[in-house]
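Structure first, commentary second.
No value in this document is a laboratory result; all are computed from the given coordinates. A quick note: this is a predicted structure, and the numbers were derived from the prediction, not measured. Quick reminder, even Gly has a Cβ in these numbers, built from the backbone with ideal geometry, and neighbours come from all protein chains shown.
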Ligand SMILES: Cc1ncc(COP(=O)(O)O)c(C=O)c1O
């Protein structure tokens, strides 16, 4: 049975049981039962389900792995971690995570003023804050205020001008200076899609010359005590560990040299993010595991510190994707199967049909398991021919429709007759016989990284998993944009079930969507983000919380700065019928996802 690679990407968070995807904890509820609960309260459309216990599991794994490497090597420094807010700032993700990690001193990383303000409001007491990105005087002043609030905050400098501003703000305010870090521009580059985050031409960090200049400036202004951290980040989703090893060596030597030059306060190296998770449903693409990662970091930094006769630095990490991605699942209802319209009852055979339609009809009726492949092949060719004949005016719309219906019926029958076990037969036809599944969601809103950078996400149906999927699938979203499609890819094929949506529901789950997607999602065609819900496990079962209804159309328009009163005046101006006015009014209170087809399903 197809398990959609759950053994590769699933990390035991989900299991397949009784044909359903279930959450692998406590009472093991199915994803179907969770989405049904939400839909029964009238909320149709796509749903993002978050599992805070999975986020906590990831955080614990990170701490445990680093702490055991530290123990194994008798390492003298400590392990510290912060969550980079850019990865997911939504309160329904963030606040439960912070609540669950109070004992761990798990902090936050901010890359903008808005993020820093979130960090200043919500970081757990005693937990660190790190601040990256370009900073103006205001942002640096925020850093001073956070220090006054009692936070262990480090401003990581992206340029000498930021240090000059720190000095200026200190003179003006006369307050305690926050910790200072230097983001170093390593010559060892990054890897993958975000490789340009590192390397000598990177947008970020100080060159060797600037590091020396910064050191002189720190010394001249008596700030060496405040200078605590060396920072680098070489890119996200590193599937190989070798770029990290190079970066560790380079930054380790910078650290040791600065210490030996008299940087007395310097006591930490921040290795940024980049720790990958396994997104593939086909083969393991991440070439290392977490224990190898932590062991390499600890061992490399210890070796350099020993060789250079300096103390071992504390190790900071700003891992985001690894922490957040696994916790959330997007569930999208399937609205339609493209071939749904090609039913036998839709045939409009004439008294006298063109030969090619007669031939198709015979292929359909006479097909046996021995001839299925050949007949399917023939039918696809016949369909091509009939489309040409139509263009030339030799057959009419009726004949063309009959040919389309018959070809689709032949494909379905062939797939059933072939009883495909390992898809080898089916694969020969994959590109031609895909089924198109129309889903009630927007790729731009819910999977922006698929659209923008071809990021793959594991996809699987959340029901029917005790039945063999027989259709090679292309997925369509409901935006009016041809990019709103996940096309069938014969190298990494997605096979789905041939379902009759008049009688059964069918939902697809998109997994590992918790990092970056929620905040990068965009309102293309004015589709709002999906409904959101958190699922928390208790001893006796589970409880849902923090339900957030998908934004209503009126609010979306308001976000676009429409004057709502003016908009409504225009909309209702020529409408006299009160009933129609009420209908229109109620539509404005809802999100833009499709209802009608889903309502039909529910009625049965
Ligand atoms: C400075 C910094 N730290 C941490 C991260 C998080 O990286 P990841 O999600 O790969 O862990 C990023 C991401 O771009 C970053 O720029």
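Would you please classify the overall shape of region 1-133 from the alpha carbon gyration tensor, given that a ≥ b ≥ c denote the square roots of the eigenvalues, rounded means a/c under 1.5, and beyond that prolate means a/b larger than b/c while oblate covers the rest?
oblate
Computed on alpha carbon atoms, what radius of gyration and Dmax characterise region 267-404, expressed in Å?
Expressed in Å, the Cα Rg and Dmax of region 267-404 come to 31.4, 96.
What length, rounded to one decimal in nm, is gained on full extension from residue 540 through to residue 245, with 0.36 nm per residue of separation minus their alpha-carbon distance?
Net length gain for the segment: 101.7 nm.
If you take the square roots of the eigenvalues of the alpha-carbon gyration tensor of the chain and sort them as a ≥ b ≥ c, do you get rounded (a/c under 1.5), prolate (a/b over b/c) or oblate?
prolate
Would you mind checking the tilt of helix 137-148 against the longest principal axis of the Cα atoms of the chain, expressed as 0 to 90 degrees and rounded to 10?
The answer is roughly 70 degrees.
Using r as the Cβ-Cβ distance of residue 350 and residue 99, and R0 as 56 Å, what FRET efficiency do you calculate, to the nearest 0.05?
Rounded to the nearest 0.05, the efficiency is 0.20.
Rounded if a/c is under 1.5, else prolate if a/b beats b/c, else oblate: with a ≥ b ≥ c from the C-alpha gyration tensor eigenvalues square-rooted, which is region 465-570?
oblate
Report the full-extension gain for the segment residue 583 to residue 358: residue separation times 0.36 nm, less the Cα-Cα distance, to one decimal in nm.
76.1 nm
Taking 0.36 nm per residue of separation and subtracting the Cα-Cα distance, what length does fully extending residue 369 through residue 453 add?
Stretched out fully, the residue 369 to residue 453 stretch lengthens by 26.0 nm.
Of all DSSP beta bridges in the chain, what percent run antiparallel (nearest 5)?
Counting only bridges with both partners in the chain, antiparallel ones make up about 45 percent.
Need one number: nm distance between label points at residue 480 and residue 391, each 7 Å from Cα along Cα→Cβ, rounded to one decimal.
It is 2.7 nm.
Going highest first, how would you order 506-514, 165-173, 146-154 by mean Cβ packing within 10 Å?
Ranking, from highest mean packing down: 506-514, 146-154, 165-173.
Could you rank the peptides 135-143, 575-583 by their average count of other C-beta atoms within 10 Å per residue, with the highest value first?
Put in order of decreasing packing, that is 135-143, 575-583.
Quick check: pseudo-label points 7 Å beyond the Cα along Cα→Cβ at residue 216 and residue 416, how many nm apart are they?
Output for this residue pair reads 8.3 nm.
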